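Down below is the structure, laid out as structure tokens.
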Amino acid sequence: MKKIIAVMAVIIIAIVGFAAFKGNSPKQNTTKINIVASTDFYAELAKTVVGSHGTATAIINNPNVSPEDYEPTTAVAKKVSEADIALANGLGYDSWLNKLARTSKHTQLIRIGENVLKEKSGVNPHLWNNPETMIKTAQYLADNLSKQDPSHKKEYQANAQKYITGLKPVTDLVSQLKKHANNQSVAQTEPVFEYMLTALGYKVMDNDFSEAIEEGNDPSPATLTNLRAAITNHKIAFLVNNKQTTSSTVSTLVNLAKDNNVPVINVTETIPRNEHYVSWKVAELKQIQKKTQ
């Protein structure tokens, strides 16, 4: 009987010991990181950086929807609340995503304008048209993911470098075109392409006009007169036109530029269907290359 009791005691101790060991052993985190981005080009960046260890989806992937005017649905709010990271442009451009992310205790909000670039509200929010923004954002996200999931740090860092290397067709073309800019003046119907123009070495001369159009206001007569004179007197190298915004004032100026043989460069604020960031920017830059060289 004593032998039986002794054997049972050993078995119980072994079971308890195994349970304690199992309870104290490190947990394996097999949950993939869930990232949502306000726009498709930011989602594309995040998808490359997170790689096989997560997912990245865009809330807006319709080129006809403006992130500035977007109104999220209940389903979108739920999607954001379930995300680990919400990647926003910031600077007021997609403030609806900021609000949704802040209502969730689970979701980390990354605002590219404020967190990555250290900019303040009031500056031009069309940040993605500077290739350096995309480079810095990829590295920032990789560093952030590396802290959250250090076991996969090497992969996140390698993925960021893969994304940055993939931007080479854009950055190479920017470097090439910059040699011919010579600080010439250009005009734009809206300030959506301004960061790219600055990166190229051009000087934008019609901020009052483009900002008025963006805000849905009528430019002042003096502003309109100055821009018309710049076109007819060939004081600008070209006119950048946002194809997604039309008005009689803009159409008149575009036609005036064409009539005076001033090149018109057509750009879009959101990425066209079946395109990715690099093909989108290269296509716009090649218009400048073709019409100015």
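Go through P272, T252, V262 and say which Cα lies farthest out towards the positive end of the charge dipole of segment 228-293; charges sit on Cβ, +1 for Lys and Arg, -1 for Asp and Glu.
V262
Students often forget the sequence filter, so: which aspartates and glutamates lie under 19 Å Cα-Cα from K32 once same-chain residues fewer than 8 apart are removed?
E44, E82, D84, D143, D149, E155
Sequence neighbours fewer than 8 away in the same chain don't count; with that in mind, list the lysines whose C-alpha is under 23 Å from K291.
K168, K178, K179, K203, K235, K243, K258, K281
Name the lysines eligible as straight-distance cross-link partners of K118: C-alpha to C-alpha under 22 Å, and not fewer than 8 places from it in the same chain.
Within the straight-line cut-off, K118 pairs with K99, K136, K147.
From the Cα gyration tensor of segment 53-119, with a ≥ b ≥ c the square roots of its eigenvalues, which class applies: rounded if a/c is under 1.5, or else prolate if a/b is larger than b/c, or else oblate?
rounded
Using the beta-carbon distance between K154 and K179 and R0 = 41 Å, what value does 1/(1 + (r/R0)^6) give for FRET efficiency, to the nearest 0.05?
For R0 = 41 Å, the calculated efficiency reads 0.65.
How would you classify the chain from its alpha-carbon gyration tensor, with a ≥ b ≥ c the square roots of the eigenvalues: rounded for a/c under 1.5, else prolate if a/b is greater than b/c, otherwise oblate?
Because a/c hits 1.5 or more and a/b exceeds b/c, the chain counts as prolate.
Can you tell me how much longer the chain between D143 and R228 gets when fully stretched, taken as 0.36 nm per residue apart minus their C-alpha distance, in nm with one decimal?
Between D143 and R228, full extension yields an extra 25.8 nm.
Roughly how tilted is helix 131-148, in degrees to the nearest 10 and between 0 and 90, from the longest Cα axis of the chain?
Here the helix axis deviates by roughly 10 degrees.
Using the crude model of +1 on Lys and Arg Cβ and -1 on Asp and Glu Cβ, and no other charge, please compute the dipole size for segment 79-235 relative to its Cα centre, in debye to 20.
It works out to roughly 560 debye.
So, in Å, what gap is there between the alpha-carbon centers of segment 180-202 and segment 83-144?
Here the answer is 24 Å between Cα centres.
Working from Cα positions, state the angle (0 to 90°, nearest 10) between the long axis of helix 40-50 and the longest principal axis of the chain.
Computed tilt is about 40 degrees.
Between the DSSP loop rule and a limit of at most 15 other Cβ atoms within 10 Å, which trypsin sites (Lys or Arg not before Pro) in segment 119-183 are left?
Filter output for segment 119-183: K120.
If you average the C-alpha positions of segment 258-293 and of segment 59-82 separately, how far apart do those two centres end up, in angstrom?
27
Per DSSP H run of at least 4 residues, take -39500 (n - 2.57); add these up for the chain, divide by its residues and hand me the 222 nm value, nearest 500 deg cm²/dmol.
My calculation for the chain gives -16000 deg cm²/dmol from helical runs alone.
So, in nm, how far is label E211 from label E71 when the simple model puts each one 7 Å beyond its Cα toward the Cβ?
Roughly 2.9 nm, to one decimal.
What distance in nm lies between label points placed 7 Å from Cα along the C-beta direction at K99 and E132?
3.3
Considering only segment 153-293, what is the antiparallel percent among its DSSP beta bridges, to the nearest 5?
Of the beta bridges lying entirely in segment 153-293, close to 0 percent run antiparallel.
For the chain, what is the accessible area per residue in Å², given a 1.4 Å probe and the full set of protein chains?
Roughly 53 Å² per residue, with all protein chains present.
The values are calculated or read from the model by the stated rules, or taken from the named source; none is laboratory data. Bear in mind that the values here come from a model prediction, so they are computed numbers and not experimental data. Note that each Cβ is placed from the backbone with ideal geometry, even for glycine, and that neighbours are counted across all protein chains shown. Ligands, DNA and RNA are stripped out before the accessible areas are found, and what is left, the full protein with its side chains, is counted by its heavy atoms. Shrake-Rupley method; radii C 1.70, N 1.55, O 1.52, S 1.80 Å.
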